[in-house]
Amino acid sequence: MASTFDQVATIIAETCDIPRDTITPESHAIDDLGIDSLDFLDIAFAIDKAFGIKLPLEKWTQEVNDGKATTEQYFVLKNLSARIDELVAAKGA
Amino acid sequence: MHLEYFQLIDRIAALDIGERTITVEAQVPKENTIFEGHFPGYPLMPGVLLIEAMAQTSGWLLIAHLKFERMPFLAAVKEAKMRDFVNPGDLLTIDAKLAHDGSGYAMTEANIRVGGKLKCNATLTFRHTPFPNADMRGHMEAMATKIGFPREAMAHG
(Lines give C-alpha, C1' and ligand atoms only; values in the text may rest on other atoms or scores of the structure.)
Protein backbone atom coordinates (compact mmCIF):
# COMPACT_ATOMS: atom_id res chain seq x y z
CA MET A 1 0.00 0.00 0.00
CA ALA A 2 1.30 3.44 -0.93
CA SER A 3 2.49 5.65 1.91
CA THR A 4 0.48 8.71 2.88
CA PHE A 5 3.13 10.92 1.31
CA ASP A 6 2.99 8.96 -1.95
CA GLN A 7 -0.79 9.30 -2.07
CA VAL A 8 -0.61 13.03 -1.34
CA ALA A 9 2.12 13.56 -3.92
CA THR A 10 0.09 11.74 -6.54
CA ILE A 11 -2.98 13.84 -5.71
CA ILE A 12 -0.95 17.05 -6.01
CA ALA A 13 0.66 15.95 -9.27
CA GLU A 14 -2.69 15.08 -10.83
CA THR A 15 -4.66 18.01 -9.42
CA CYS A 16 -2.14 20.74 -10.16
CA ASP A 17 -0.36 19.22 -13.17
CA ILE A 18 2.99 19.23 -11.40
CA PRO A 19 5.57 16.58 -12.42
CA ARG A 20 5.45 13.86 -9.78
CA ASP A 21 9.23 13.53 -9.60
CA THR A 22 9.59 17.16 -8.49
CA ILE A 23 7.45 16.56 -5.40
CA THR A 24 9.40 15.44 -2.34
CA PRO A 25 8.59 15.05 1.37
CA GLU A 26 10.50 18.30 1.94
CA SER A 27 8.46 20.25 -0.63
CA HIS A 28 6.46 23.18 0.70
CA ALA A 29 3.13 23.15 -1.13
CA ILE A 30 2.97 26.93 -1.30
CA ASP A 31 6.57 28.11 -1.38
CA ASP A 32 8.13 25.31 -3.44
CA LEU A 33 5.28 23.98 -5.56
CA GLY A 34 3.53 27.32 -6.07
CA ILE A 35 0.11 26.04 -5.10
CA ASP A 36 -2.24 28.88 -4.17
CA SER A 37 -5.05 28.72 -1.64
CA LEU A 38 -7.75 28.15 -4.25
CA ASP A 39 -5.90 25.30 -5.91
CA PHE A 40 -5.27 23.86 -2.47
CA LEU A 41 -9.03 23.49 -2.02
CA ASP A 42 -9.01 20.94 -4.86
CA ILE A 43 -6.15 19.12 -3.13
CA ALA A 44 -7.99 19.22 0.20
CA PHE A 45 -11.10 17.87 -1.52
CA ALA A 46 -9.13 14.96 -3.01
CA ILE A 47 -7.40 14.25 0.31
CA ASP A 48 -10.71 14.37 2.20
CA LYS A 49 -12.16 11.86 -0.23
CA ALA A 50 -9.13 9.59 -0.37
CA PHE A 51 -8.65 9.35 3.39
CA GLY A 52 -12.22 9.82 4.60
CA ILE A 53 -11.27 12.82 6.73
CA LYS A 54 -11.88 16.57 6.81
CA LEU A 55 -8.64 18.53 6.69
CA PRO A 56 -9.16 21.39 9.19
CA LEU A 57 -8.00 24.08 6.77
CA GLU A 58 -9.84 26.89 8.52
CA LYS A 59 -8.24 26.07 11.85
CA TRP A 60 -4.79 25.76 10.33
CA THR A 61 -5.14 29.04 8.46
CA GLN A 62 -6.30 30.79 11.62
CA GLU A 63 -3.35 29.41 13.58
CA VAL A 64 -0.92 30.63 10.93
CA ASN A 65 -2.59 34.05 10.76
CA ASP A 66 -2.48 34.32 14.56
CA GLY A 67 1.21 33.40 14.64
CA LYS A 68 0.50 30.23 16.61
CA ALA A 69 1.80 27.98 13.85
CA THR A 70 3.98 28.22 10.76
CA THR A 71 2.96 27.25 7.26
CA GLU A 72 5.77 24.67 7.36
CA GLN A 73 3.91 22.72 10.04
CA TYR A 74 0.99 22.10 7.74
CA PHE A 75 2.16 22.60 4.18
CA VAL A 76 5.55 20.89 4.01
CA LEU A 77 4.40 17.58 2.60
CA LYS A 78 6.00 15.29 5.16
CA ASN A 79 4.26 17.34 7.87
CA LEU A 80 0.99 17.41 5.97
CA SER A 81 1.21 13.63 5.62
CA ALA A 82 1.80 13.29 9.38
CA ARG A 83 -1.27 15.48 10.07
CA ILE A 84 -3.31 13.28 7.73
CA ASP A 85 -2.12 10.15 9.56
CA GLU A 86 -3.16 11.75 12.86
CA LEU A 87 -6.62 12.56 11.50
CA VAL A 88 -7.05 9.05 10.13
CA ALA A 89 -5.98 7.57 13.47
CA ALA A 90 -8.34 9.87 15.37
CA LYS A 91 -11.19 8.81 13.10
CA GLY A 92 -10.57 5.15 13.92
CA ALA A 93 -10.12 5.73 17.65
CA MET B 1 -35.86 37.32 -11.42
CA HIS B 2 -34.59 40.90 -11.02
CA LEU B 3 -31.57 41.02 -13.28
CA GLU B 4 -30.68 44.62 -12.42
CA TYR B 5 -30.23 43.63 -8.78
CA PHE B 6 -28.65 40.28 -9.56
CA GLN B 7 -31.53 38.60 -7.76
CA LEU B 8 -32.00 35.56 -9.93
CA ILE B 9 -33.96 33.19 -7.70
CA ASP B 10 -37.71 33.68 -7.30
CA ARG B 11 -38.79 30.82 -5.07
CA ILE B 12 -37.40 27.90 -3.14
CA ALA B 13 -39.54 24.94 -4.17
CA ALA B 14 -37.86 22.28 -2.05
CA LEU B 15 -35.02 22.13 0.46
CA ASP B 16 -33.88 18.90 2.09
CA ILE B 17 -30.97 19.45 4.46
CA GLY B 18 -30.67 15.75 5.25
CA GLU B 19 -30.34 14.88 1.58
CA ARG B 20 -28.32 18.07 0.99
CA THR B 21 -30.45 19.13 -1.98
CA ILE B 22 -32.40 22.17 -3.08
CA THR B 23 -34.74 23.00 -5.95
CA VAL B 24 -35.70 26.55 -6.87
CA GLU B 25 -37.62 28.34 -9.59
CA ALA B 26 -36.55 31.37 -11.54
CA GLN B 27 -38.58 33.15 -14.18
CA VAL B 28 -36.50 34.71 -16.96
CA PRO B 29 -38.14 38.05 -17.85
CA LYS B 30 -39.64 38.40 -21.30
CA GLU B 31 -38.05 41.79 -21.74
CA ASN B 32 -34.88 43.29 -20.35
CA THR B 33 -32.17 45.64 -21.58
CA ILE B 34 -29.73 42.71 -21.45
CA PHE B 35 -31.58 41.09 -24.32
CA GLU B 36 -31.22 44.21 -26.44
CA GLY B 37 -27.52 43.54 -26.63
CA HIS B 38 -27.44 39.77 -26.14
CA PHE B 39 -28.35 39.53 -28.98
CA PRO B 40 -30.10 42.09 -31.21
CA GLY B 41 -32.87 40.19 -32.96
CA TYR B 42 -32.02 36.94 -31.18
CA PRO B 43 -32.34 37.38 -27.40
CA LEU B 44 -30.67 34.75 -25.22
CA MET B 45 -30.11 34.47 -21.49
CA PRO B 46 -26.32 34.92 -21.06
CA GLY B 47 -24.45 31.83 -19.93
CA VAL B 48 -22.66 33.74 -17.18
CA LEU B 49 -26.05 34.60 -15.65
CA LEU B 50 -27.07 30.96 -15.83
CA ILE B 51 -23.89 30.09 -13.93
CA GLU B 52 -24.75 32.82 -11.42
CA ALA B 53 -28.26 31.35 -11.05
CA MET B 54 -26.72 27.96 -10.25
CA ALA B 55 -24.35 29.66 -7.80
CA GLN B 56 -27.20 31.47 -6.03
CA THR B 57 -29.19 28.23 -5.83
CA SER B 58 -26.18 26.46 -4.36
CA GLY B 59 -25.65 29.41 -2.03
CA TRP B 60 -29.10 29.04 -0.48
CA LEU B 61 -28.46 25.34 0.01
CA LEU B 62 -25.18 26.12 1.76
CA ILE B 63 -26.70 28.85 3.92
CA ALA B 64 -29.25 26.29 5.10
CA HIS B 65 -26.57 23.64 5.60
CA LEU B 66 -24.53 26.15 7.62
CA LYS B 67 -27.60 27.07 9.69
CA PHE B 68 -27.61 30.66 8.49
CA GLU B 69 -24.39 31.36 10.38
CA ARG B 70 -22.01 31.64 7.44
CA MET B 71 -22.04 33.17 3.98
CA PRO B 72 -20.82 31.24 0.93
CA PHE B 73 -18.89 33.03 -1.80
CA LEU B 74 -18.34 31.59 -5.26
CA ALA B 75 -14.69 30.57 -5.65
CA ALA B 76 -14.48 28.32 -8.71
CA VAL B 77 -16.60 27.12 -11.62
CA LYS B 78 -15.81 23.76 -13.13
CA GLU B 79 -17.31 21.76 -15.92
CA ALA B 80 -19.87 24.43 -16.70
CA LYS B 81 -21.81 23.33 -19.76
CA MET B 82 -24.35 25.41 -21.64
CA ARG B 83 -26.21 22.61 -23.38
CA ASP B 84 -29.02 24.54 -25.00
CA PHE B 85 -30.31 28.11 -25.34
CA VAL B 86 -32.36 29.69 -22.57
CA ASN B 87 -34.80 32.26 -23.89
CA PRO B 88 -36.67 35.26 -22.48
CA GLY B 89 -39.80 34.07 -20.66
CA ASP B 90 -38.43 30.61 -19.82
CA LEU B 91 -39.24 29.26 -16.37
CA LEU B 92 -36.06 27.73 -14.92
CA THR B 93 -36.06 24.87 -12.47
CA ILE B 94 -32.67 24.82 -10.80
CA ASP B 95 -31.46 22.09 -8.50
CA ALA B 96 -28.25 21.72 -6.55
CA LYS B 97 -26.73 19.16 -4.25
CA LEU B 98 -23.87 19.42 -1.82
CA ALA B 99 -21.11 17.27 -3.25
CA HIS B 100 -18.52 17.92 -0.56
CA ASP B 101 -18.54 19.69 2.78
CA GLY B 102 -14.99 20.78 3.52
CA SER B 103 -13.39 22.97 6.17
CA GLY B 104 -14.31 26.52 5.16
CA TYR B 105 -15.24 25.45 1.66
CA ALA B 106 -17.85 23.37 -0.13
CA MET B 107 -18.53 21.98 -3.58
CA THR B 108 -21.89 21.65 -5.25
CA GLU B 109 -23.30 20.21 -8.44
CA ALA B 110 -26.11 22.15 -10.06
CA ASN B 111 -28.44 21.81 -13.04
CA ILE B 112 -30.88 24.10 -14.84
CA ARG B 113 -33.88 22.62 -16.59
CA VAL B 114 -36.67 24.18 -18.65
CA GLY B 115 -39.77 22.06 -19.06
CA GLY B 116 -37.82 19.07 -17.76
CA LYS B 117 -35.05 19.44 -20.34
CA LEU B 118 -31.49 19.91 -19.06
CA LYS B 119 -30.16 23.25 -20.29
CA CYS B 120 -26.94 23.61 -18.35
CA ASN B 121 -24.99 22.21 -15.43
CA ALA B 122 -21.86 23.00 -13.45
CA THR B 123 -19.69 21.95 -10.55
CA LEU B 124 -19.07 24.90 -8.24
CA THR B 125 -16.69 25.58 -5.38
CA PHE B 126 -17.46 28.04 -2.58
CA ARG B 127 -15.51 29.43 0.31
CA HIS B 128 -17.64 30.24 3.30
CA THR B 129 -17.02 32.56 6.24
CA PRO B 130 -19.06 34.07 9.05
CA PHE B 131 -21.25 36.87 7.69
CA PRO B 132 -18.89 39.81 7.12
CA ASN B 133 -21.28 42.31 8.70
CA ALA B 134 -24.79 42.74 10.04
CA ASP B 135 -25.97 44.55 6.92
CA MET B 136 -25.20 41.61 4.72
CA ARG B 137 -26.82 39.17 7.07
CA GLY B 138 -29.88 41.38 7.29
CA HIS B 139 -30.09 41.54 3.51
CA MET B 140 -29.85 37.77 3.22
CA GLU B 141 -32.49 37.32 5.93
CA ALA B 142 -34.83 39.60 3.97
CA MET B 143 -34.10 37.75 0.74
CA ALA B 144 -34.71 34.43 2.49
CA THR B 145 -38.16 35.57 3.53
CA LYS B 146 -38.89 36.87 0.05
CA ILE B 147 -38.08 33.58 -1.71
CA GLY B 148 -39.71 31.32 0.87
CA PHE B 149 -36.62 29.97 2.62
CA PRO B 150 -38.04 27.25 4.89
CA ARG B 151 -36.47 28.05 8.24
CA GLU B 152 -38.17 25.06 9.80
CA ALA B 153 -36.05 22.83 7.55
CA MET B 154 -32.93 23.94 9.45
CA ALA B 155 -34.44 22.89 12.75
CA HIS B 156 -34.93 19.37 11.39
CA GLY B 157 -31.68 19.20 9.44
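The values are calculated or read from the model by the stated rules, or taken from the named source; none is laboratory data. What you are looking at is a predicted structure, and each value in this text was computed from that prediction instead of being measured. Because the Cβ atoms are built from the backbone with ideal geometry, glycine has one as well, and the counts that use them run over all protein chains shown. Calculation scope for accessible area: heavy atoms of the full protein, side chains included, ligands and nucleic acids excluded. Shrake-Rupley method; radii C 1.70, N 1.55, O 1.52, S 1.80 Å.
A 18 angstrom limit on the alpha carbon distance is what I want to check against. Which of B:LYS97/B:LYS146; A:LYS54/A:LYS91; A:LYS91/B:LYS67; B:LYS78/B:LYS119; B:LYS81/B:LYS119 exceed it? Please list the in-between numbers first.
On the way: B:LYS97/B:LYS146 22 Å; A:LYS54/A:LYS91 10 Å; A:LYS91/B:LYS67 25 Å; B:LYS78/B:LYS119 16 Å; B:LYS81/B:LYS119 8 Å.
Pairs exceeding 18 Å: B:LYS97/B:LYS146; A:LYS91/B:LYS67.
May I ask you to list the aspartates and glutamates whose Cα is less than 19 Å away from that of A:LYS59, ignoring any residue fewer than eight positions away on the same chain?
Straight-line reach from A:LYS59, under 19 Å: A:ASP36, A:ASP39, A:ASP42, A:ASP48, A:GLU72, A:ASP85, A:GLU86, B:GLU69, B:ASP101.
In region B:111-128, what residues drop by 50 Å² or more in accessible surface going from the chain by itself to the full protein assembly, probe 1.4 Å?
Checking the loss per residue gives B:ARG127.
May I ask you to give the solvent-accessible area per residue for chain A, in square angstrom, as obtained with a 1.4 angstrom probe? Walk me through the numbers on the way to the answer.
Details: 4990 Å² over 93 residues.
So chain A comes to 54 Å² accessible per residue, rounded to a whole number.
So what's the back-of-envelope 222 nm ellipticity for the protein assembly as shown, counting only DSSP H runs of four-plus at -39500 (n - 2.57) apiece and dividing by all residues, rounded to 500? Don't skip to the end; give the middle numbers.
Values: 9 runs with 101 residues, N = 250.
Calculated from helices alone, the mean residue ellipticity at 222 nm is -12500 deg cm²/dmol.
First obtain the Kirkwood hydrodynamic radius of region B:54-157 from its Cα pairs, then insert it into the Stokes-Einstein equation at 10 °C and 1.306 mPa s, and state the resulting D in µm² per second as a whole number.
Values: Rh = 14.6 Å.
Approximately 109 µm²/s, per Stokes-Einstein.
Determine ³J(HN,Hα), in whole Hz, for all residues of region A:15-30 in sequence, where each value follows from phi through the Karplus function 6.51 cos²θ - 1.76 cosθ + 1.60 and θ = phi - 60°; x replaces Gly and Pro.
These are the phi-based 3J(HN,Hα) values: 6, 10, 6, 10, x, 4, 6, 8, 9, 10, x, 8, 5, 8, 4, 8 Hz.
Angle, helix B:134-146 long axis vs. longest principal axis of chain B, Cα atoms, 0 to 90°, nearest 10?
60
When the accessible area of each residue in region A:44-69 is compared between its chain alone and the complete protein assembly (1.4 Å probe; ligands, DNA and RNA ignored), which residues differ by at least 40 Å², being lower in the assembly?
The answer is A:PHE45, A:LYS54, A:GLU58.
Averaged across orientations, what area in nm² does the convex hull of the alpha carbons in region B:1-115 project? Provide the component values of the computation, followed by the final result.
Working: hull surface 29.5 nm².
Averaging across all directions leaves 7.4 nm² for the Cα convex hull.
Express the accessible area of region B:65-131 per residue in Å², computed with a 1.4 Å probe while the remaining protein chains stay in the model.
Details: 2840 Å² over 67 residues.
Computed with neighbouring chains in place, this is 42 Å² per residue.
Determine the sum of side-chain charges near B:ILE94: Lys and Arg each +1, Asp and Glu each -1, restricted to other residues whose C-beta is under 9 angstrom from that of B:ILE94. Don't skip to the answer; put the middle values down first.
Working: positive: B:ARG113; negative: B:GLU25, B:ASP95.
Cβ neighbours under 9 Å give a net charge of -1.
Enumerate the aspartates and glutamates that A:LYS78 could reach by cross-link, defined here as Cα to Cα under 12 Å, with residues fewer than 8 away along the same chain left out.
Partners found: A:ASP6, A:GLU26.
Counting only protein heavy atoms and rolling a 1.4 Å probe, how much accessible area do B and A lose on contact, total for both sides, in Å² to 100?
Chains B and A together bury roughly 1100 Å² of accessible area.
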